[in-house]
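Novice: Here it is, the structure in full.
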Amino acid sequence: MRVFELLQADSYEQVVHCHDSATGLRAIVAVHSTRLGPALGGTRFFPYPTEDDALEDVLRLAKGMTYKAAAAGLDLGGGKAVILGDPNAPGVKTEALLRTYARFVGSLGGRYITAEDVGTTQADMDTIRKETRWVTGVSRSLGGSGDPSAATAYGVLHGMKAVARSLWGNTSLGDRHVVVSGVGKVGYALVRHLVEERARITVTDVSAEALARVAKDFDVATVEPAAAHAVGCDIYSPCAMGKALSEATIPELGCAAVVGSANNQLADASCVDLLATKGVVYAPDYVVNAGGIINIAEELSPAGYHRERAYANVRRIFDTTTTVLETASSSGISTAAAADRLAEGRIAALNQVRLLRTGGDGS
C-alpha cells in the first residue's frame, strides 16, 4: 500500500519494477507526468542501501524532471529510472544487464525516454540504443548529442551569471569565490568554465582521485568534503548527490548564494525557510541544471541534433533564472516557490491548450 500512497501524494502516473534473474537486473522506472510530452530522464545506477531508498530516490528525481522540463520550456514530461547495484563492482554492470534493461524501457512504448545519469555513461546509452530507440545522449556517431555533462555545466554557469547580476549588479564572475562540491563530469566542466571566467575556485570531492585530477589540471584550492559548505565564499555549488542543503548544513553555510548542478539539493521542505533565515539566495536546482536535458532533447527534434541550436537554448537558463529571482522578490516568496509557480503555470496553460485542441477529453 505504501507505493500507492506515495504515487497518490504527488500524482505520479506510473511506476514499473523491472527484474531479471539471469542478469541480476533490479530496476525501477518512475513516470511522474506526461502532460507536456513523453517523460524524459536519466538512468541512475547506484548501490542503494535498501529498495525503499531506491524507490524514494527515483520518485523524487522523476518529479524533479517534470518541473525541470516545464521550466526549461520543453514539450516533455518527467521520469527517471534507477538500477540497484554498484556499477563499479566486477561483473555487475554487464552488456547483458543493460540490454535487458533497455528492453524493459522499450516495452513502455515511448512514455519514458532514458538518458545518462550517475553511474551510467554515454557508452551505456549506446548499448541501450541497440535494443530500443527510446534513449538520448548517445554518441554523435549514432546521431546523438554525446555526453550531456558539458551542457549541464554550461547551463549552471549561466545560472551563476544571473545570480551575480541580481546580487552584485553585473554578470561577471571574475574574482568571485566559488566553491564547487563534486568534481565529476559536470563539476569538472564547471570548474573549467569558472577558470575561464577568472573566478577564485575551491573544490572538493569524496573521490581523492577526482579531487587530485581537478587540482592538478586547474591549480585550484581544495577542501575536505565535510567542510566545503562552510567555506566563506560568494557562491557554493553542490555538484554531487542530492540533499546537500539540510537542517545541519544550512546554518553553517558561508556563501551568499547556492547555484549547483546536483538534483534535489534541499533535504526537505523546511530548508526553504532555513535558507531565508540564513539570508542565502538559492537558485533552484532544476532551473539551473537543466542544460543537460535541454541538450539531449534536441535529439528528439525532427531535424535531428544541432549543437549550436541546443547551446543557444541552454543559454536561456540565464533568462529563466532571472525570472525566478525577480518573481520571488516582487511576490515576496521563496525562489523555490517562484520556480514551482513557473513550471506549474506552464503545465496548466499548455494542458488547457491540449484540452481545447482535443475537444476537452485530452485524448
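Novice: Using the alpha carbon gyration tensor of the stretch 176-217, what are the three equivalent-ellipsoid semi-axes (square root of 5 times each eigenvalue), largest first, in whole Å?
Specialist: Working: eigenvalues 53, 18, 15 Å².
Output for the stretch 176-217: semi-axes of 16, 10, 9 Å.
Novice: Count neighbours as other Cβ atoms within 10 Å of each site's Cβ, and list the GluC sites (Glu not before Pro) in the stretch 213-322 that are DSSP loop with at most 11 such neighbours.
Specialist: When the GluC sites (Glu not before Pro) of the stretch 213-322 are filtered for loop state and at most 11 Cβ neighbours within 10 Å, Glu247 remain.
Novice: Set the Förster radius R0 to 35 Å, insert the Cβ-Cβ distance between Glu5 and Glu196 as r into 1/(1 + (r/R0)^6), and round the FRET efficiency to 0.05.
Specialist: 0.15
Novice: For the stretch 154-229, what ratio Rg/Rh do Cα atoms give with a Kirkwood hydrodynamic radius?
Specialist: Details: Rg = 12.2 Å, Rh = 12.5 Å.
Over the Cα atoms of the stretch 154-229, Rg/Rh equals 0.97.
Novice: For the chain, set up a GNM with springs between Cα atoms under 10 Å and report which of Ala89, Ala228, Ala244 has the largest fluctuation.
Specialist: Result: Ala89 has the largest fluctuation of those listed.
Novice: Could you give the length gained by full extension between Arg316 and Asp86, i.e. 0.36 nm per residue of separation minus their alpha carbon distance, to one decimal place?
Specialist: Length gained, Arg316 through Asp86: 79.2 nm.
Novice: Let me ask you something else. Per DSSP H run of at least 4 residues, take -39500 (n - 2.57); add these up for the chain, divide by its residues and hand me the 222 nm value, nearest 500 deg cm²/dmol. All intermediate terms of the calculation are to be shown ahead of the outcome.
Specialist: On the way: 13 runs with 158 residues, N = 363.
Helix contribution divided over all residues of the chain: -13500 deg cm²/dmol.
Novice: Separate question: Can you give the FRET efficiency to the nearest 0.05 for Ala348 and Trp168, using r as the Cβ-Cβ distance and R₀ = 51 Å?
Specialist: Values: r = 35 Å, r/R0 = 0.68.
Calculated transfer efficiency: 0.90.
Novice: What residues qualify as long-range amide H neighbours of Tyr48, i.e. H under 5 Å apart, gap of 5 or more or another chain, H built at 1.01 Å from N?
Specialist: Placed amide hydrogens put Gly85 under 5 Å from Tyr48.
Novice: Also: Sequence-distant or interchain residues sharing an amide H contact under 5 Å with Val135, placed H: which?
Specialist: Counting only residues 5 or more places away or on other chains, the set is Thr114.
Novice: Could you run the Karplus curve 6.51 cos²θ - 1.76 cosθ + 1.60 with θ = phi - 60° over the stretch 161-174 and give me ³J(HN,Hα) per residue in whole Hz, x for Gly and Pro?
Specialist: 5, 5, 5, 4, 5, 5, 8, 10, x, 8, 8, 5, 9, x
Novice: Could you check how many percent of all C-alpha pairs in the stretch 230-273 are farther apart than 13 Å? Write down the numbers at each step before the final one.
Specialist: Details: 479 of 946 pairs.
The answer is 51 percent, as a whole percent.
Novice: What is the antiparallel percent of DSSP beta bridges lying wholly in the chain, to the nearest 5?
Specialist: About 35 percent, rounded to the nearest 5.
Novice: If you average over every viewing direction, what projected area does the convex hull of the Cα atoms of the stretch 1-105 give, in nm²?
Specialist: Values: hull surface 27.6 nm².
Averaged projected area of the stretch 1-105's Cα convex hull equals 6.9 nm².
Novice: Sort His306, His158, His19 from largest to smallest accessible area, using a 1.4 Å probe on the heavy atoms of the protein chains.
Specialist: Working: His306 80, His158 25, His19 125 Å².
Largest accessible area first, the residues go His19, His306, His158.
Novice: Same structure again: Based on the alpha-carbon set only, what is the convex hull volume of the stretch 83-206 divided per residue, in Å³?
Specialist: 137 Å³
Novice: In the stretch 1-88, what percentage of the DSSP-assigned beta bridges are antiparallel, given to the nearest 5?
Specialist: 70 percent
Novice: Take the Cα radius of gyration of the chain and divide it by 2.2 N^0.38 Å, with N its residue count; two decimals is plenty. Numbers along the way, then the final one.
Specialist: Details: Rg = 19.7 Å, N = 363, 2.2 N^0.38 = 20.7 Å.
Its radius of gyration relative to the 2.2 N^0.38 Å reference: 0.96.
Novice: Please report, in debye to the nearest 20, how large the charge dipole of the chain is about its Cα centre when each Lys and Arg carries +1 at its beta carbon and each Asp and Glu carries -1 there.
Specialist: 960 debye
Novice: Can you give the Rg to Rh ratio of the stretch 223-363, both from alpha-carbon atoms, with Rh computed by the Kirkwood formula?
Specialist: 1.05
Novice: Let me check I've understood the local charge: for Ser331, count other residues with C-beta under 13 angstrom from its C-beta, Lys and Arg +1, Asp and Glu -1. What total comes out?
Specialist: Neighbourhood net charge equals -1.
Novice: Related question: Please give the FRET efficiency for Thr323 paired with Ser270, using the beta carbon to beta carbon distance and R0 = 25 Å, rounded to the nearest 0.05.
Specialist: Once the sixth-power term is evaluated, E becomes 0.50.
Novice: On to the next question. Give the separation of the Cα centroids, the stretch 242-279 to the stretch 92-144, in Å.
Specialist: 33 Å
Novice: Further question on the same structure: Quick one: Kirkwood hydrodynamic radius for the stretch 69-156, alpha-carbon pairs, angstrom, one decimal?
Specialist: Result for the stretch 69-156 stands at 13.9 Å.
Novice: Let me ask something additional. I want to verify a result. In a Gaussian network model of the chain, Cα cutoff 10 Å, which of these has the top mean-square fluctuation: Phe318, Phe218, Phe46?
Specialist: Per the Cα network of the chain with a 10 Å cutoff, Phe218 tops the list.
Novice: From the phi of every residue in the stretch 63-70, what ³J(HN,Hα) in whole Hz does the Karplus formula 6.51 cos²θ - 1.76 cosθ + 1.60 yield, where θ is phi - 60° and glycine or proline is x?
Specialist: Per residue, the Karplus-derived 3J(HN,Hα) values read 4, x, 5, 4, 5, 5, 5, 5 Hz.
Novice: Considering the zone a paramagnetic label at Ala22 would reach in this model (a point 7 Å from Cα along the Cα-to-Cβ line), which residues of the stretch 120-164 have amide N under 20 Å from it?
Specialist: 127-133
The values are calculated or read from the model by the stated rules, or taken from the named source; none is laboratory data. The shown structure was predicted, so the numbers you read here are calculated from the model rather than taken from an experiment. Methodologically, a virtual Cβ is constructed for each residue, glycine included, from the backbone with ideal geometry; neighbour enumeration extends over all protein chains shown. Just so you know, the surface numbers come from the protein's heavy atoms only, side chains and all, with ligands and any DNA or RNA stripped out. Shrake-Rupley method; radii C 1.70, N 1.55, O 1.52, S 1.80 Å.
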